[in-house]
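> Next up is a structure, given as C-alpha cells.
The values are calculated or read from the model by the stated rules, or taken from the named source; none is laboratory data. Just so we're clear, the structure is a prediction, and the values are computed from it rather than from any experiment. Because the Cβ atoms are built from the backbone with ideal geometry, glycine has one as well, and the counts that use them run over all protein chains shown. Side chains included, ligands, DNA and RNA excluded: accessible areas come from the protein's heavy atoms. Shrake-Rupley method; radii C 1.70, N 1.55, O 1.52, S 1.80 Å.
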Amino acid sequence: MVTLEQIASLCKRRGFVYPTSDIYGGLTSSYDYGPMGAELLRNIRALWWKTFIHERIDMVGLDSQILLHPETWVASGHVGSFNDPLVEDSVTNKRYRADHLIEAWLTGHPDPAITVEDMTIEQMADFIETHGIASPEGNPLSKPKKFNLLFETKLGVVEGEKSLLYMRGETAQGIFTNFRNIVDSSRVQLPFGVGQIGKSFRNEITTGQFIFRTIELEQAEIEYFFDPNETDWQTLLDSWKDAMWSFVTTKMGVSPDHLQWRRHTDKERSHYSKDTFDLDYQFPFGWKELWGIAYRTDYDLRAQAEHSGVDLSFTNPQTGKKIIPHVIEPAVGINRLFLMVLADAYTQEEKRIVLKLSPALSPIKVAVFPLVANKPDLVTKARAVYEELKKTLVVSWDDRGNIGKRYLAQDEVGTPWCVTVDYATLEDGTVTVRDRDTTQQERIKVADLTAYFQAKLL
Ligand code: GAP
C-alpha cells in the first residue's frame, strides 16, 4: 500500500499540494493546493454539487458566510462542547490529543474491552497515569484538559471596542440560520435538503497527518429536513448512506474494499446527534473517518429558534400543521476526498508511477505533444489540435524533453490521454492517442478527437 510520504512527495513534485508559507518553514497543519491540486479540488466540488444538488429534485444549494453572528455558536453548543482532550509534554510543551496517544498505546497493548471513544476526560487522565503513557518524545504528560476548537477573531478597528467572532467550525450552522429565508424564498416542500461547500476552521491539536486533518478545511455538508411523523428517520438515513457509498465508489471510482461503515458508540456521539455513522476509508495510516452521517433531530433548528427568537418551524401547506423539521446530515471534507482519491489512484508499476484517477476527476483530461519541438510544421499542427480541444476540455501542452518523459509526467498527474502529432499526421490527418492505464496507442482522425474524448468522459 502507498505510504503518506509517497503521496506527499508526489503532491509536492507534481504541483498538487505544498506546505502553506513554505518559504517561512510552513504553518502548522496548513497546506496550499498547486496547479494540479486546484483542478482536482474543483473537479471534486463540481462532482459533489452536480450529484447532490443539480441531479436531485429535493435539494437546493447555499453559500453562507464564514463569520456568523457569535450567538449562532452559543446556540449550537459549539462554544460549550466543541472540545478535544489536550495534553502537553511537560518538557517540550508540545501539545497532543490524549485520545490519540491512548489509541497509539492500545495498538501495542490491544484490549478489546477498552474503547477510547467512550472515555471521559477523567477516565483518560486515569488511564494515562495507570499505564504511564508518555509523550512521543518519551516525557511525562500533563493532565488532559478540554480544549475548544473554535477559532476566535475580532470585528472592528478600534482597540477596546472590538467584538468577539468565531470563524465557523462547520458549514452546517449557516444552513440552520438560513432555514427561514430558504423556506420563505423558494418553493421547497418537506422532505428537502440544503447543501453547501465552504471553508471551516478548527484549532486542531493533532499535527503530521498531511491534509487529513488541517486547521483550515473545506466541508461539503447537507442538512436534509423532514417531518418525523411522515418520514421514517432510519429509512432516510439508510438511503443517504447508500447515496454516499455510491458517490465514492461509482462516481469517484474508489475501491469498495477500502471502505467500511462504523457506527458511533453512545458515548462517542456528538452532543446534537441521536445516531451517527462514519464512512471510513483505509488511509495509509489506518481506517479513518472520510464522511460522517448524523441524525441531528430538531436539535439545531430548535436551539437557533430559541436563541434568536425567530420561528424556525415549517407549516404543512395541506394540513396547516406546524412542525420543527428534523435533519439527517451527511458531512464530508473535500480535502479528505482529495486525499482518498490520491491514495486510491496511486499505482507503482515497474517503470512508472501512475495516478489511475477516474477521468472525471483528472486535473487534465488530455495532453497534446508535437513529436519533436524543432519542426515548425509539427508544432503548428499540434498547436491547432491543442487550441481545438481546449474549447471543451482541460488540456495541457508539452513540447519539452522526449515523448517518454512527457508520458511519465502526465501519468503522475493522472492525465487519461496523451495525443501526439507526428509526421503521419501531416500526411493522413491522424494522431496517436495513448491511454494512461493500458499505455496502448491508437490512431484517431484529428476531426474526430473532440467527439472521441467526450464519449469517453460520459
Ligand atoms: N457538521 C458536522 C461536522 O462538522 P465532523 O465529523 O466534525 O462533522 C465532517 O466533520 C467532515 O469534515 C468529516 O467527516 C471530515 O471529512 C471533515 N473534517 C472534519 N475535521 C477536519 C479537519 N480538521 N481537516 C480536514 N477535514 C476535516
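> What is the one condition in (1) within 16 Å of the ligand (Cβ to nearest atom); (2) surrounded by fewer than 17 Cβ atoms within 10 Å (Cβ to Cβ) that Ser273 does not satisfy?
(2)
> Kindly evaluate Arg434 against the criterion of being in contact with a Ser or Thr (Cβ under 6 Å, 6 or more places away or on another chain), among the basic types (Lys, Arg), free of Cβ contacts under 8 Å to residues at least 40 places away in the same chain and not assigned by TED's automatic domain parsing to the domain that holds Met252.
Working: in contact with a Ser or Thr (Cβ under 6 Å, 6 or more places away or on another chain): no; among the basic types (Lys, Arg): yes; free of Cβ contacts under 8 Å to residues at least 40 places away in the same chain: yes; not assigned by TED's automatic domain parsing to the domain that holds Met252: yes.
No, not satisfied.
> A further question follows. It is to be established whether one or more residues within region 46-63 are in a loop (DSSP other than H, G, I, E, B), out of contact with any Pro (no Cβ under 8 Å at 6 or more places or on another chain), over 23 Å from Lys251 (Cα atoms) and open to solvent by less than 20 Å² (accessible area, probe 1.4 Å).
Here is the first cut: in region 46-63, the ones in a loop (DSSP other than H, G, I, E, B) are 55-58, 62-63.
If we keep only those that are out of contact with any Pro (no Cβ under 8 Å at 6 or more places or on another chain) as well, we get 55-57, 62-63.
Of the ones still in play, those that are also over 23 Å from Lys251 (Cα atoms) are 63.
Add one more test, that the residue is open to solvent by less than 20 Å² (accessible area, probe 1.4 Å), and what stays is none.
Scanning region 46-63 turns up no residue that is in a loop (DSSP other than H, G, I, E, B), out of contact with any Pro (no Cβ under 8 Å at 6 or more places or on another chain), over 23 Å from Lys251 (Cα atoms) and open to solvent by less than 20 Å² (accessible area, probe 1.4 Å).
> Can you tell me which residue within region 355-379, out of those that are polar (S, T, N, Q) and either in contact (Cβ under 8 Å) with a residue 12 or more places away in the chain or closer than 22 Å to Gly15 by Cα (or both), is surrounded by the fewest Cβ atoms within 10 Å (Cβ to Cβ)? Break it down into steps so the answer makes sense when it comes.
Keep residues of region 355-379 that are polar (S, T, N, Q), which gives 358, 362, 374.
With the extra rule that they be either in contact (Cβ under 8 Å) with a residue 12 or more places away in the chain or closer than 22 Å to Gly15 by Cα (or both), the set shrinks to 358, 362.
Working: Ser358: 18, Ser362: 26.
Taking the candidates together, the pick is Ser358.
> Which ones in region 9-19 are open to solvent by 30 Å² or more (accessible area, probe 1.4 Å) and either assigned to a helix (DSSP H, G or I) or modelled with pLDDT under 95 (or both)? It would help to see each step written out before you state the result.
Of the residues in region 9-19, the ones open to solvent by 30 Å² or more (accessible area, probe 1.4 Å) are 9, 12-14, 18-19.
Within region 9-19, Ser9, Lys12, Arg13 meet the criteria.
> Checking Glu159 against (1) without any contact (Cβ under 8 Å) to a residue 40 or more places away in the chain; (2) within 16 Å of the ligand (Cβ to nearest atom), which single condition isn't satisfied?
(2)
> Among the residues of region 380-393, is any under 25 Å from Val17 (Cα atoms) and in contact (Cβ under 8 Å) with a residue 12 or more places away in the chain?
Initially, region 380-393 is screened for residues under 25 Å from Val17 (Cα atoms), giving 390, 393.
Narrowing the set further to residues that are in contact (Cβ under 8 Å) with a residue 12 or more places away in the chain leaves 393.
Yes - at least one qualifying residue is present in region 380-393.
Table: residues versus (1) crowded, with 19+ Cβ neighbours inside 10 Å; (2) assigned by TED's automatic domain parsing to the domain that holds Lys199; (3) in contact with a strand residue (DSSP E or B) (Cβ under 7 Å, 6 or more places away or on another chain).
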residue	(1), (2), (3)
Met252	yes, yes, no
His258	no, yes, yes
Phe277	yes, yes, yes
Asp280	no, yes, yes
Leu290	yes, yes, yes
Gly309	no, yes, no
Thr319	no, yes, no
His326	yes, yes, yes
Asn335	yes, yes, yes
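> For region 25-45, how many residues meet the condition of being within 15 Å of the ligand (Cβ to nearest atom) and in a helix (DSSP H, G or I)?
Within region 25-45, the first condition is being within 15 Å of the ligand (Cβ to nearest atom), and the residues that meet it are 27-33, 37, 41, 44-45.
Then drop every residue that is not in a helix (DSSP H, G or I), which leaves 37, 41, 44-45.
Of the residues in region 25-45, 4 are within 15 Å of the ligand (Cβ to nearest atom) and in a helix (DSSP H, G or I).
> Out of all the residues in region 219-255, which are among the polar types (S, T, N, Q) and either within 15 Å of the ligand (Cβ to nearest atom) or in contact (Cβ under 8 Å) with a residue 60 or more places away in the chain (or both)?
Step one: list which residues in region 219-255 are among the polar types (S, T, N, Q), which gives 219, 229, 231, 234-235, 239, 246, 249-250, 255.
Passing the criteria: Gln219, Asn229, Ser255.
> Here is a further query. Check whether at least one residue in region 309-316 is assigned to a strand (DSSP E or B) and closer than 17 Å to Asn181 by Cα, and report yes or no. Outline the logic, then answer.
Within region 309-316, the first condition is being assigned to a strand (DSSP E or B), and the residues that meet it are 314-315.
Okay, now just the ones that are also closer than 17 Å to Asn181 by Cα, so 314-315.
For region 309-316, residues assigned to a strand (DSSP E or B) and closer than 17 Å to Asn181 by Cα: present.
> Could you tell me how many of the residues in region 44-91 are farther than 30 Å from Glu137 by Cα, aliphatic (A, V, I, L, M) and free of Cβ contacts under 8 Å to residues at least 60 places away in the same chain?
Going through region 44-91 one residue at a time, the tally reaches 2.
> Which numbered condition in (1) within 16 Å of the ligand (Cβ to nearest atom); (2) closer than 30 Å to Glu71 by Cβ is the only one that His100 fails?
(2)
> Confirm whether Leu165 is open to solvent by 40 Å² or more (accessible area, probe 1.4 Å), touching a strand residue (DSSP E or B) at 6+ places or on another chain (Cβ under 6 Å), more than 10 Å from the ligand (Cβ to nearest atom) and assigned by TED's automatic domain parsing to the domain that holds Asp300.
Values: open to solvent by 40 Å² or more (accessible area, probe 1.4 Å): no; touching a strand residue (DSSP E or B) at 6+ places or on another chain (Cβ under 6 Å): yes; more than 10 Å from the ligand (Cβ to nearest atom): yes; assigned by TED's automatic domain parsing to the domain that holds Asp300: yes.
Spelling it out, it is not the case that Leu165 is open to solvent by 40 Å² or more (accessible area, probe 1.4 Å), touching a strand residue (DSSP E or B) at 6+ places or on another chain (Cβ under 6 Å), more than 10 Å from the ligand (Cβ to nearest atom) and assigned by TED's automatic domain parsing to the domain that holds Asp300.
> Next question, about the same structure. Tell me whether region 67-79 contains one or more residues that are modelled with pLDDT under 95 and exposed (fewer than 12 other Cβ atoms within 10 Å of the Cβ).
Checked region 67-79: no residue is modelled with pLDDT under 95 and exposed (fewer than 12 other Cβ atoms within 10 Å of the Cβ).
> Considering only region 205-218, how many residues are among the aliphatic types (A, V, I, L, M), over 17 Å from Gln173 (Cα atoms) and near the ligand (Cβ under 8 Å from one of its atoms)? It would help to see each step written out before you state the result.
Narrowing region 205-218 to residues among the aliphatic types (A, V, I, L, M): 205, 211, 215, 217.
Pick out the ones that are also over 17 Å from Gln173 (Cα atoms) and you get 205, 211, 215.
Next, only the ones that are near the ligand (Cβ under 8 Å from one of its atoms) stay: 211, 215.
Total satisfying the criteria: 2.
Per-residue answers, yes or no, for (1) more than 16 Å from the ligand (Cβ to nearest atom); (2) in contact (Cβ under 8 Å) with a residue 40 or more places away in the chain; (3) closer than 30 Å to Glu71 by Cβ:
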position: Asp257; (1), (2), (3): yes, no, no
position: Tyr281; (1), (2), (3): no, yes, no
position: Lys288; (1), (2), (3): no, yes, no
position: Ala303; (1), (2), (3): no, yes, yes
position: Ile323; (1), (2), (3): yes, yes, yes
position: Glu329; (1), (2), (3): no, yes, yes
position: Ile334; (1), (2), (3): no, yes, yes
position: Ile353; (1), (2), (3): yes, yes, no
